[in-house]
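Quick notes on the structure that follows.
The values are calculated or read from the model by the stated rules, or taken from the named source; none is laboratory data. This is a predicted model, so every value here is computed, not measured. Backbone-built Cβ (ideal geometry, glycine too); neighbour counts: all protein chains shown.
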Amino acid sequence: MKRLNKYFVISIFMFISTAFAAETQLKSGDFVGFDSGHHGEGSVVLVQDGDQQTLKFVNHFYVTPGPDLYVWLIKNSNPKTAQDVKDSPNVQLAKLKTPSGNQSYKIPAYIDMNQYGSVVIWCLEFGVLFAHAPLK
């Protein structure tokens with residue numbers, strides 16, 4: 001009988017350890033719009049789950065809808081102009097899935113997120129900054 005209890009306790013411990021060790025938050029930031037015509041709201045969270053890093057747009061993410069919107073990572077942590085975005089080392093991560101709602105983007109293993117200061121919503125077609133979120 002003692003053996004059964006020992007294995008039961010070990011099983012419960014392993015289950016709890018796995019459940020709570022799944023994700024670690026590394027950085028986060030809040031989206032702000034570029035100007036009165038380009039709004040941004042909500043938050044971005046960078047999480048680590050095993051070897052995979054993922055950006056999650058949460059807290060009622062919203063950006064003004066527009067053509068050809070992409071998620072970029074840029075070195076500049078506080079771009080004030082579209083030129084600031086263009087001049088900053090950047091990575092085009094993915095096409096924006098939708099202008100509102102929770103969504104996530106996997107970070108390829110070759111990208112070092114310590115090199116980037118902001119997540120940017122960028123209109124590729126017109127070279128316009130829609131919103132950015134400084135990562136802290």
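Residues in region 46-79 that are in a loop (DSSP other than H, G, I, E, B) and polar (S, T, N, Q) were compared, and the one that is surrounded by the fewest Cβ atoms within 10 Å (Cβ to Cβ) is N78. Look at region 111-124: where a residue is more than 19 Å from F57 (Cα to Cα) and a partner is modelled with pLDDT of 95 or more, sitting 6+ places away or on another chain with Cβ atoms under 7 Å, you get Q115/K75; L124/D68; L124/Y70. Among all residue pairs at least 6 apart or on different chains, which show Cβ distances below 7 Å where the first residue, located in region 8-36, is surrounded by 10 or more Cβ atoms within 10 Å (Cβ to Cβ) and among the basic types (K, R) and the second is modelled with pLDDT of 55 or more and in a strand (DSSP E or B)? As it stands, the answer is K27/L46, since those pairs meet every condition given.
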